[in-house]
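Below is one structure, written out as structure tokens; comments come after it.
Every read-out reported here was derived from the displayed coordinates using simple, explicitly stated rules and does not represent laboratory data. A quick note: this is a predicted structure, and the numbers were derived from the prediction, not measured. Note that each Cβ is placed from the backbone with ideal geometry, even for glycine, and that neighbours are counted across all protein chains shown.
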Amino acid sequence: MFELNHELLTLLRNQLQSFPFHNLAQLLNKETLNGGTCFDHALKLRSELVGRGFEATLHEAEVCLTGDKSHRLVRVVLPNEVAFLDTGSGWPTLYQANLKDVEYENTTAGIHFRIIREQDYLLIKRYEGLKWRDMNRISVAKQNEESILAKFPNRYLKPLPYSNELRLSWLQNEQFHRISGFNLALYESGKPCQECSLTPSELISYVHAHFPELTPDLTMYLKSIN
């Protein structure tokens, strides 16, 4: 059985709390001050890991919804084991996907994830409603990092599942905030998910309270769709 690395767990939690997942850079075709999509998350996480002495490289995975190998995460080599870390799915993925466990589950903020070993792949599932939904399929073979990095400048040329609508999410202690368009969902362990619709001004105020540095870009985006 795989033994969780608590240093990695702390790094994952810190990034999910301080570096929000969002697609503002894609929607505005400009860089933003904090956060981003999976590629931005993978680059930041890899940098943090390497800075702490870990052997970490970029990795690609299949997005089960589209079948495209367009999801980026990080492969890290541990003593006697390899793990795959992901903070850029738009969900609170605190798991350490590994090759030792045939199947195991992880729960964060009341959201359940299941990791299943399938021959040369790891299948990541999320429990949604009354069924498990396939999220990503990760090849366990080491990949060429240079070829992955070469795709960074053109990462938004191909449409993504959220290309035409705002996505913004982050972990805050034991709560997970997820914004889709103007809809806010708040997840917390032991409580039912709370959902509501926000007006543009409410959306700006809500985001400003957590990540004020994103307010100018969010305001620019909202003006562009009015």
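The table that follows gives values for the structure above.
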item	result
Computed label-point distance, nm, for sites ALA209 and ARG13 using a 7 Å Cα→Cβ extension	2.3
Rg(Cα)/(2.2 N^0.38 Å) for region 104-190, N = residue count	1.33
Using alpha-carbon coordinates, inclination of helix 200-210 to the longest axis of the chain, degrees	50
Nearest-ten-degree value, helix 6-18 long axis tilted from longest Cα axis of the chain	20
Relative contact order computed over region 134-184 (Cα-Cα under 8 Å; 6+ residues apart), in percent	21
For the chain: relative contact order, % (alpha-carbon pairs under 8 angstrom, 6 or more apart)	19
The chain, dipole about Cα centre (Lys/Arg Cβ +1, Asp/Glu Cβ -1), debye to the nearest 20	340
Residue-averaged 222 nm ellipticity for the chain, from DSSP H runs of 4+ at -39500 (n - 2.57), nearest 500	-7500 deg cm²/dmol
Calculated log₁₀ intensity ratio I(q)/I(0) where the Debye formula runs over C-alpha points of region 163-224, q = 0.13, 0.18, 0.25, 0.29 Å⁻¹	-0.34, -0.64, -1.14, -1.40
Largest-first principal axis extents of the Cα set of region 47-162 (Å)	40, 38, 28
Tally of Lys pairs whose C-alpha atoms are under 22 Å apart, taken over region 6-153, 8 or more apart or cross-chain	12
Radius 14 Å from Cβ of ASN173, net charge of other residues (Lys, Arg +1; Asp, Glu -1)	0
Kirkwood Rh in Å, taken over region 3-107 so that all alpha-carbon pairs contribute	14.3
Alpha-carbon Rg with Dmax, taken over the chain, Å	17.1, 54
Tilt relative to the chain, helix 38-51 - C-alpha long axis, 0 to 90 degrees, to 10	50
Residues TYR221, TYR187 arranged by fewest to most Cβ contacts within 10 Å	TYR221, TYR187
